[in-house]
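The values are calculated or read from the model by the stated rules, or taken from the named source; none is laboratory data. On a predicted model such as this, the values are computed, not experimentally measured, just so you know. Virtual Cβ from ideal backbone geometry, glycine too; neighbours counted across all protein chains shown. Each accessible area value is taken on the protein alone, full model and side chains, heavy atoms only, with ligands, DNA and RNA left out. Shrake-Rupley method; radii C 1.70, N 1.55, O 1.52, S 1.80 Å.
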Amino acid sequence: LLVLGASLGGASLLAPEGMQVTVTVDGYTETLRTTGEDVASLLDDLNLALTEEDRLSPSPQTPLQDGLSIEVERARPAIVSADGALYSVRTHAAAVAGVLTSAGVRLAGADQVLLDGERVGLTDPLPPLERPADRIGYKRHAWDVPGAVPVRLSVRRASPVTVDDGSVPYTLYTTAPTVGEALAEAQLSLYLG
(Lines give C-alpha, C1' and ligand atoms only; values in the text may rest on other atoms or scores of the structure.)
Protein backbone atom coordinates (compact mmCIF):
# COMPACT_ATOMS: atom_id res chain seq x y z
CA LEU A 1 0.00 0.00 0.00
CA LEU A 2 2.84 2.34 0.81
CA VAL A 3 4.39 1.82 -2.64
CA LEU A 4 0.98 2.26 -4.34
CA GLY A 5 0.29 5.44 -2.36
CA ALA A 6 3.70 6.84 -3.21
CA SER A 7 3.23 6.11 -6.91
CA LEU A 8 -0.23 7.72 -6.95
CA GLY A 9 1.10 10.73 -5.08
CA GLY A 10 3.94 11.03 -7.58
CA ALA A 11 1.48 10.85 -10.47
CA SER A 12 -0.55 13.74 -9.05
CA LEU A 13 2.61 15.83 -8.82
CA LEU A 14 3.29 15.25 -12.53
CA ALA A 15 -0.29 16.07 -13.58
CA PRO A 16 -0.73 19.68 -14.70
CA GLU A 17 -2.73 21.85 -12.33
CA GLY A 18 -5.50 24.26 -13.13
CA MET A 19 -7.54 24.98 -16.20
CA GLN A 20 -6.22 25.43 -19.69
CA VAL A 21 -7.17 28.78 -21.28
CA THR A 22 -6.16 30.55 -24.48
CA VAL A 23 -5.09 34.18 -24.16
CA THR A 24 -4.70 36.47 -27.18
CA VAL A 25 -3.17 39.92 -26.64
CA ASP A 26 -2.78 42.23 -29.64
CA GLY A 27 -2.66 39.24 -31.98
CA TYR A 28 -0.16 37.20 -29.90
CA THR A 29 -1.76 33.93 -28.71
CA GLU A 30 -0.64 31.55 -25.95
CA THR A 31 -2.30 28.60 -24.24
CA LEU A 32 -1.79 28.74 -20.47
CA ARG A 33 -2.71 26.83 -17.35
CA THR A 34 -4.19 28.78 -14.47
CA THR A 35 -5.74 28.26 -11.07
CA GLY A 36 -7.32 31.73 -11.03
CA GLU A 37 -10.97 32.28 -10.31
CA ASP A 38 -11.93 34.78 -12.99
CA VAL A 39 -10.56 36.71 -15.98
CA ALA A 40 -9.51 39.65 -13.78
CA SER A 41 -7.33 37.42 -11.57
CA LEU A 42 -5.69 35.88 -14.65
CA LEU A 43 -4.90 39.34 -16.06
CA ASP A 44 -3.34 40.25 -12.70
CA ASP A 45 -1.22 37.08 -12.78
CA LEU A 46 -0.07 38.01 -16.30
CA ASN A 47 0.71 41.63 -15.27
CA LEU A 48 -1.67 42.90 -17.95
CA ALA A 49 -2.91 46.27 -16.74
CA LEU A 50 -5.66 47.46 -19.07
CA THR A 51 -6.77 51.02 -19.69
CA GLU A 52 -10.33 52.21 -20.09
CA GLU A 53 -9.94 52.25 -23.89
CA ASP A 54 -8.65 48.66 -24.17
CA ARG A 55 -11.03 45.91 -25.28
CA LEU A 56 -11.45 42.69 -23.31
CA SER A 57 -13.61 39.70 -24.08
CA PRO A 58 -15.12 38.15 -22.00
CA SER A 59 -15.63 40.58 -19.10
CA PRO A 60 -13.26 40.62 -16.09
CA GLN A 61 -15.91 39.00 -13.86
CA THR A 62 -16.24 35.91 -16.09
CA PRO A 63 -15.32 32.75 -14.14
CA LEU A 64 -12.41 30.81 -15.65
CA GLN A 65 -13.19 27.41 -17.10
CA ASP A 66 -11.24 24.88 -19.09
CA GLY A 67 -11.00 25.84 -22.78
CA LEU A 68 -11.98 29.50 -22.28
CA SER A 69 -10.63 31.95 -24.87
CA ILE A 70 -9.72 35.45 -23.66
CA GLU A 71 -8.99 38.26 -26.08
CA VAL A 72 -7.33 41.58 -25.26
CA GLU A 73 -6.94 44.36 -27.80
CA ARG A 74 -5.02 47.28 -26.39
CA ALA A 75 -5.85 50.73 -27.72
CA ARG A 76 -3.29 52.45 -29.92
CA PRO A 77 -1.64 55.61 -28.59
CA ALA A 78 -1.91 58.81 -30.60
CA ILE A 79 -0.74 62.39 -30.14
CA VAL A 80 -2.65 65.22 -31.83
CA SER A 81 -1.23 68.73 -32.06
CA ALA A 82 -3.91 71.35 -32.67
CA ASP A 83 -4.44 74.99 -31.71
CA GLY A 84 -1.24 75.17 -29.67
CA ALA A 85 -2.15 72.16 -27.53
CA LEU A 86 -1.15 68.50 -27.48
CA TYR A 87 -3.82 65.85 -27.00
CA SER A 88 -2.69 62.37 -25.98
CA VAL A 89 -5.33 59.71 -26.64
CA ARG A 90 -5.67 55.95 -26.92
CA THR A 91 -7.90 54.75 -29.71
CA HIS A 92 -9.01 51.81 -31.85
CA ALA A 93 -9.58 54.10 -34.85
CA ALA A 94 -8.47 52.79 -38.23
CA ALA A 95 -8.56 56.14 -40.04
CA VAL A 96 -7.35 59.69 -39.40
CA ALA A 97 -10.86 61.02 -38.65
CA GLY A 98 -11.29 58.55 -35.79
CA VAL A 99 -8.13 59.75 -34.05
CA LEU A 100 -9.27 63.40 -34.32
CA THR A 101 -12.69 62.44 -32.92
CA SER A 102 -11.04 60.61 -30.01
CA ALA A 103 -9.01 63.75 -29.29
CA GLY A 104 -12.10 65.98 -29.55
CA VAL A 105 -10.55 68.03 -32.37
CA ARG A 106 -12.90 69.43 -35.03
CA LEU A 107 -11.88 70.70 -38.44
CA ALA A 108 -13.17 73.58 -40.52
CA GLY A 109 -13.44 73.32 -44.32
CA ALA A 110 -9.92 74.30 -45.41
CA ASP A 111 -7.95 72.98 -42.41
CA GLN A 112 -5.25 70.41 -43.15
CA VAL A 113 -4.15 67.33 -41.24
CA LEU A 114 -0.55 66.10 -41.30
CA LEU A 115 0.56 62.59 -40.36
CA ASP A 116 4.25 62.66 -39.47
CA GLY A 117 4.60 65.83 -41.56
CA GLU A 118 2.77 64.52 -44.66
CA ARG A 119 -0.67 65.83 -45.65
CA VAL A 120 -3.44 63.22 -45.28
CA GLY A 121 -7.19 63.04 -45.77
CA LEU A 122 -9.70 62.24 -43.06
CA THR A 123 -10.55 58.85 -44.56
CA ASP A 124 -6.90 57.82 -45.02
CA PRO A 125 -5.99 54.71 -43.01
CA LEU A 126 -3.49 54.91 -40.19
CA PRO A 127 -0.12 53.32 -40.84
CA PRO A 128 0.49 49.80 -39.51
CA LEU A 129 1.15 49.53 -35.80
CA GLU A 130 4.84 50.03 -35.04
CA ARG A 131 6.63 48.79 -31.97
CA PRO A 132 10.23 49.48 -30.99
CA ALA A 133 12.64 46.57 -31.32
CA ASP A 134 11.97 43.78 -28.83
CA ARG A 135 13.53 44.18 -25.42
CA ILE A 136 16.84 42.50 -24.91
CA GLY A 137 16.55 39.74 -22.36
CA TYR A 138 13.90 37.44 -21.03
CA LYS A 139 10.31 37.73 -22.23
CA ARG A 140 7.75 35.83 -20.24
CA HIS A 141 5.00 36.00 -22.89
CA ALA A 142 4.86 36.72 -26.63
CA TRP A 143 3.02 40.00 -26.03
CA ASP A 144 5.70 41.30 -23.63
CA VAL A 145 7.05 43.79 -26.16
CA PRO A 146 7.50 47.53 -25.73
CA GLY A 147 4.42 49.68 -26.23
CA ALA A 148 3.28 50.85 -29.64
CA VAL A 149 4.83 53.95 -31.17
CA PRO A 150 2.19 56.73 -31.04
CA VAL A 151 0.56 58.00 -34.23
CA ARG A 152 1.42 61.71 -34.56
CA LEU A 153 -1.13 64.00 -36.19
CA SER A 154 -0.98 67.78 -36.43
CA VAL A 155 -3.74 70.12 -37.52
CA ARG A 156 -2.87 73.17 -39.60
CA ARG A 157 -5.70 75.69 -39.34
CA ALA A 158 -6.69 77.69 -42.41
CA SER A 159 -6.37 81.47 -42.20
CA PRO A 160 -8.61 83.99 -43.98
CA VAL A 161 -6.97 86.09 -46.69
CA THR A 162 -8.93 88.93 -48.29
CA VAL A 163 -8.19 89.46 -51.97
CA ASP A 164 -8.97 92.85 -53.55
CA ASP A 165 -8.19 92.68 -57.25
CA GLY A 166 -9.94 95.92 -58.15
CA SER A 167 -13.43 94.44 -58.30
CA VAL A 168 -15.39 93.11 -55.33
CA PRO A 169 -13.06 91.96 -52.51
CA TYR A 170 -13.42 88.30 -51.48
CA THR A 171 -11.95 86.04 -48.80
CA LEU A 172 -9.92 82.84 -49.29
CA TYR A 173 -9.13 80.35 -46.55
CA THR A 174 -5.66 78.86 -46.82
CA THR A 175 -3.00 76.98 -44.90
CA ALA A 176 -0.25 78.29 -47.18
CA PRO A 177 2.69 79.85 -45.30
CA THR A 178 3.20 82.78 -47.73
CA VAL A 179 1.03 85.19 -49.71
CA GLY A 180 2.49 83.91 -53.00
CA GLU A 181 1.64 80.29 -52.15
CA ALA A 182 -1.86 81.30 -51.05
CA LEU A 183 -2.46 83.08 -54.38
CA ALA A 184 -1.02 80.16 -56.36
CA GLU A 185 -3.22 77.74 -54.41
CA ALA A 186 -6.23 79.88 -55.38
CA GLN A 187 -4.98 79.86 -59.03
CA LEU A 188 -4.50 83.62 -59.08
CA SER A 189 -1.66 84.72 -61.34
CA LEU A 190 0.35 87.89 -60.73
CA TYR A 191 2.26 89.52 -63.54
CA LEU A 192 5.37 91.65 -63.34
CA GLY A 193 3.46 94.85 -64.01
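Could you go through the stretch 38-45 and let me know if any residue there is assigned to a loop (DSSP other than H, G, I, E, B) and touching a strand residue (DSSP E or B) at 6+ places or on another chain (Cβ under 9 Å). Within the stretch 38-45, none of the residues are assigned to a loop (DSSP other than H, G, I, E, B) and touching a strand residue (DSSP E or B) at 6+ places or on another chain (Cβ under 9 Å).
Of all residues in the stretch 120-148, those that are within 21 Å of THR29 (Cα to Cα), modelled with pLDDT of 80 or more and either among the hydrophobic types (A, V, I, L, M, F, W, C) or surrounded by 14 or more Cβ atoms within 10 Å (Cβ to Cβ) (or both) total 0. Does VAL168 satisfy the condition of being at pLDDT 85 or above, out of contact with any Cys (no Cβ under 9 Å at 6 or more places or on another chain) and surrounded by 15 or more Cβ atoms within 10 Å (Cβ to Cβ)? Considered against the rule, which asks whether it is at pLDDT 85 or above, out of contact with any Cys (no Cβ under 9 Å at 6 or more places or on another chain) and surrounded by 15 or more Cβ atoms within 10 Å (Cβ to Cβ), VAL168 comes out as no.
Residues in the stretch 77-107 that are closer than 15 Å to ASP26 by Cα and open to solvent by less than 40 Å² (accessible area, probe 1.4 Å): PRO77, THR91, ALA93.
Conditions (1) under 13 Å from VAL155 (Cβ atoms); (2) in a loop (DSSP other than H, G, I, E, B); (3) touching a residue at least 40 places away in the same chain (Cβ under 8 Å); (4) of a type in the set (Gly, Ala, Ser), marked per residue:
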residue	(1), (2), (3), (4)
GLU52	no, yes, no, no
VAL80	yes, no, yes, no
THR101	yes, no, no, no
ARG106	yes, yes, no, no
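Note on the stretch 30-52: among residues that are under 20 Å from the mean Cα position of the chain (by Cα) and open to solvent by 80 Å² or more (accessible area, probe 1.4 Å), the one that is modelled with the highest pLDDT is GLU52. Taking first residues from the stretch 164-177 that are under 18 Å from ALA108 (Cα atoms) and assigned to a loop (DSSP other than H, G, I, E, B) and partners that are of a type in the set (D, E, K, R) and modelled with pLDDT under 85, the Cβ contacts under 6 Å between residues at least 6 apart in sequence or on separate chains come to ALA176/GLU185. One residue is enough: does the stretch 109-117 have a residue meeting the conditions at pLDDT 95 or above, open to solvent by 30 Å² or more (accessible area, probe 1.4 Å) and under 23 Å from ALA148 (Cβ atoms)? Within the stretch 109-117, none of the residues are at pLDDT 95 or above, open to solvent by 30 Å² or more (accessible area, probe 1.4 Å) and under 23 Å from ALA148 (Cβ atoms).
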